[in-house]
Structure formats: C-alpha cells, structure tokens
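Structure first, commentary second.
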Amino acid sequence: MKTLIATHVNADFDAAAGAYACSRLYPHSDIVIPGSAGRNVREFLALHADMVTLVDESDVIDRQYDRLILIDTSEEDRIGLAASVAHREGVDILVYDHHPLTERSLRAGRLRLEQVGAITTVLVEELLAREIV
C-alpha cells in the first residue's frame, strides 16, 4: 500500500515532527509539507535532510496513493495539493490530530483525535507501544 503523509501549510515543529514520527509507523511513505514550512522548521529540515526526505508538493498529483495520513490537521483547505489525493476513489484516509473537527474536516476512515498539547505526543506513544525505535 502506497502512503502519503501530509501535514498543514506553514508547518510548525509539531506538524513536521509528527509527520516524521508517522513515517516510522508507516515505512516507505512519502511525506509532503504543503506550501512552505515555518522558517525555523525549514532551517531544521535543511540541516537534517539526510534523515527526512520530503516529496515536492506538485509530485503528489501524479503519484498513485492508496492511503492518505493527515498530521496535525483534518481540514481539506489546509493540506494543499494533498487534497487531490483525498478525493480519489479507494483512498483510505487516516487523521492524527489534536484540534477539534470542523465543518471543513475531511471524512476519515480512521481518526485518532486526542486532546493533548502536541500531536507528536500521540505518535511517539504509538511508536513506544509498537517498540519502534
């Protein structure tokens, strides 16, 4: 199953770290940060490009994905071109978020919504539970 992990435009460290943690749960996934990450996040990712490989947002349109995982958002209008993947037939949508759902939230087949300070907390707990380094 080919998976795309996407977070929101202007990604902060919680969104970027959550996407990376999710990629440990779903190996061989593509990660996309729509639009542009925050300045500090861009600088961090540039320093650690050997650890985190991102796909260009424009590439997600032409690639075939069976699963879309949203990190730190559930809202279609915040995920850029990854929204095109959400509307493809047969795509399984999974959301990891700590923000309340809104009328703009995508319908997810699976939803992990927890009231914590950072969604990365939820993903790290899942990594620990599965004993993934």
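Quote to one decimal, in nm, the extra length available between I61 and E131 on full extension: 0.36 nm per residue of separation minus the C-alpha distance between them.
That works out to 21.8 nm of additional length.
Zone of D12 (label point 7 Å along Cα→Cβ, backbone N under 13 Å): which residues in segment 66-87?
Hits in segment 66-87 for D12 at 13 Å: 72-73.
For the chain, just say rounded, prolate or oblate: build the C-alpha gyration tensor, square-root its eigenvalues into a ≥ b ≥ c, call rounded for a/c under 1.5, and beyond that prolate if a/b exceeds b/c, oblate if not.
Cα axes put the chain in the rounded bin.
Kindly report, to the nearest 10 Å², the accessible surface of H99 as traced by a 1.4 Å probe over protein heavy atoms only.
70
Using the Karplus equation 6.51 cos²θ - 1.76 cosθ + 1.60 (θ = phi - 60°), what ³J(HN,Hα) coupling, rounded to whole Hz, does each residue of segment 37-50 give in order, writing x for Gly and Pro?
Karplus values, whole Hz, x for Gly and Pro: 6, x, 3, 5, 5, 4, 5, 5, 5, 5, 5, 10, 4, 6.
For the chain, what proportion of DSSP beta bridges, expressed in % and rounded to the nearest 5, is antiparallel?
Among the beta bridges of the chain, antiparallel pairing accounts for roughly 5 percent.
Quick one: grab the alpha carbon gyration tensor of segment 4-75, order the square roots of its eigenvalues as a ≥ b ≥ c, and give me rounded if a/c is under 1.5, else prolate or oblate depending on whether a/b is larger than b/c.
Rounded, because the longest to shortest axis ratio a/c is under 1.5.
Using the Kirkwood radius built from alpha carbon pairs, what does the Stokes-Einstein equation give as D for segment 62-118 at 20 °C and 1.002 mPa s, in µm² per second?
Numbers: Rh = 11.6 Å.
Calculated translational D: 185 µm²/s.
For the chain, with only Lys/Arg (+1) and Asp/Glu (-1) charged at the beta-carbon, what is the dipole magnitude about the Cα centre, in debye rounded to 20?
With only Lys, Arg, Asp and Glu charged at Cβ, the dipole is about 140 debye.
The values are calculated or read from the model by the stated rules, or taken from the named source; none is laboratory data. Computed from a prediction, not measured in an experiment: that's the story for all the values here. A quick note on method: Cβ atoms are made from the backbone with ideal geometry, for glycine too, and the neighbour counts reach across all protein chains shown. Please note that ligands, DNA and RNA were not included when accessible areas were found on the heavy atoms of the full protein model with its side chains. Shrake-Rupley method; radii C 1.70, N 1.55, O 1.52, S 1.80 Å.
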